[in-house]
Structure formats: C-alpha cells, structure tokens
Amino acid sequence: MSTLEWDRRAAIAACGAFALAAAVAGKTALAQSSLAVGNIGVDVAPLRTNAGDPTATWVKQELPRQLAEALSRRRTPKGGTLVVRVDSLTLGPNKDGRAWDNISGVATIGGVERPVRATSRYWASAIDPATIAQSNHARVSAAVQALAFWIARDL
C-alpha cells in the first residue's frame, strides 16, 4: 500500500472521529441547556377577562397536566418554578369544515419571561360531540396540548 493511500485513509478516519466528537459534544450541550422544572403554575386571569368561563377554567384544569406530561423528563424537586400566564385563546371560525385555534401568553422560569404561543387545527367531523360546549372543550384541549408541547420544546 502506498503512502498516499495511507494518508487518505488517515484523513478519512480523522474526519470521522472529528464528526463523532462534534455530535457527542452537541448533544451534551443541548441536554445541558434544558432548564429543570420543579413546580408548575398557571395564571388564567387575563384569559378569564378576554374569553370568560368555561374557557379559562378548562385551561386552568388542563394546562398543568399537559405541561407535567410534556416536561416529565425535566421535572426535579430542585428545578425552578414554571409559571405560564395565558393571555388569549381564540377559537377560529369554521371555514369549509376546518378552523385554526390560537393560544398565547408568557412562560416565566428563573425570572426570565418568554412569549409563548401555539396554533392547533380543528377539522369538523360528523362524529364531533353533540353540543357546542363539548366541541369547544375539545378544541381548547387541543390548543392547550399544542402550547404545552411548544413550551417544553423551547425552554
């Protein structure tokens, strides 16, 4: 085997080792950047003013559970308190059997506030709940689940 061929193989091996080291370091840095969460609080006072009840009550009941599930791997008693203030939730108009629902607010952990928002899509179906209240509750639940997903992803 010629020296040139050995040099080529050594270069390829060095590049592979460098790529592997970079990937491992990147995953470690990403894992360390996630904030640990201890307690979860939800403030729906602005939502209650904007949308009223039962919407605010549904969010107050469901968001802590959805956040606990979405953040389950990062929950620890020594973590910071996550407080999510929900400012608005809009159930969009049904156009051609579909609608966009939007939820937004602010997530605070470690004294740092982050604006949060999520969108969920509602598709009308023949098997939808019989009453408007049941249908709206399902839509609020979907929007809350989307918000919890994005908060967990972005913290």
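What follows draws every value from the coordinates through simple rules; no lab data is involved. Quick caveat, the model's predicted, so the values are computed rather than measured. Positions of Cβ are generated from backbone atoms using ideal geometry, with glycine treated the same way; all protein chains shown enter the neighbour counts.
Structure summary
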{"quantity": "Rule-of-thumb Rg ratio for region 36-154 [Cα; 2.2 N^0.38 Å; N residues]", "calculated": "1.08"}
{"quantity": "Point-to-point label distance, ALA124-ASN102, nm (Cα→Cβ direction, 7 Å offset)", "calculated": "2.2"}
{"quantity": "13 Å beta-carbon shell around ILE40, net charge (K/R +1, D/E -1)", "calculated": "+2"}
{"quantity": "Around VAL83: net Lys/Arg minus Asp/Glu count, Cβ-Cβ under 14 Å", "calculated": "0"}
